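The values are calculated or read from the model by the stated rules, or taken from the named source; none is laboratory data. A quick note: this is a predicted structure, and the numbers were derived from the prediction, not measured. All Cβ positions, even for glycine, are placed from backbone atoms using ideal geometry, and neighbour counts span all protein chains on display. For the accessible areas, the whole protein counts, side chains as well, though only heavy atoms, and no ligand, DNA or RNA atoms are used. Shrake-Rupley method; radii C 1.70, N 1.55, O 1.52, S 1.80 Å.
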Amino acid sequence: MGYVSAVPVPQPRAQAATAPDAPGSRRSLAAGLLLGAVGATVVLLASGQTWAEGKAAVGGGTLPLSADGQDVTGLPAALAIVGLAALVAVFAVRSAGRLLVAGLLALSGLGAGLSAYLGASDSAALDEKAAQTTGDTSATIDALSHTAWPYVTAAGGLLILIAGLLALRYGKLWPTMSGRYERDGTPRPRKAPRTAPDPDRPEDLWKALDRGEDPTH
């Protein structure tokens with residue numbers, strides 16, 4: 001005669017729920033969020049600072065002019081906003097969608113960094129300002145100088161790029177925004193319909209009394 005064990009068999013899903021986090025998942029998650037947010041903030045702030053300065057000849061004198069990052073190129077700031085959106089979207093999608101968004105995050109950082117680096121030696125923005133100020137389309141800037149802000153912007157883009165690379169490498173281990181609120185998809189046991197107690201079964205009468213029900217109905 002066989003015996004039925006009363007020890008419950010652990011289900012695979014219960015084991016997965018209590019399993020420890022994969023190595024590096026929490027650290028990569030924190031690093032990705034921090035680097036992405038800080039990088040985008042740096043790009044947005046630094047691109048609004050003065051990138052280039054110079055002097056335009058006006059009459060018998062000179063007129064000092066300056067150009068900020070938005071005058072030189074608006075690409076870093078635009079890509080930083082895209083990077084922020086992608087950083088949030090990483091936690092709203094899964095599987096292939098998460099890889100695509102992580103790739104967009106990395107490309108946003110790469111584009112922001114490269115465009116800022118290339119704009120560090122740009123003089124077209126100040127030449128255009130000189131032409132508008134003097135009314136001479138052939139006017140150019142003299143004594144041109146550049147600040148360090150383009151390189152700060154490029155560094156911010158690099159941080160966004162690293163955040164994107166972390167998302168590509170470890171993103172599959174990161175949680176989703178609604179993960180803890182979603183149902184696991186397994187069918188829940190349906191409650192049996194409550195029936196009137198059987199007068200011929202005393203145990204049914206006692207159960208009805210325990211529930212505060214009238215056993216006669």
With Cβ to Cβ distances under 14 Å as the rule, what net charge do the other residues near residue 76 carry (K, R +1; D, E -1)? -3
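Round to a whole number: what % of the accessible area of region 14-150 belongs to carbon and sulfur, probe 1.4 Å?
Carbon and sulfur atoms account for 64 percent of the accessible area of region 14-150.
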Starting from the amide H of residue 120, placed 1.01 Å from N in the peptide plane, find each other amide H under 5 Å away whose residue is 5 or more places distant or on another chain. none
Largest-first principal axis extents, alpha carbons of region 24-97, Å: 65, 22, 12
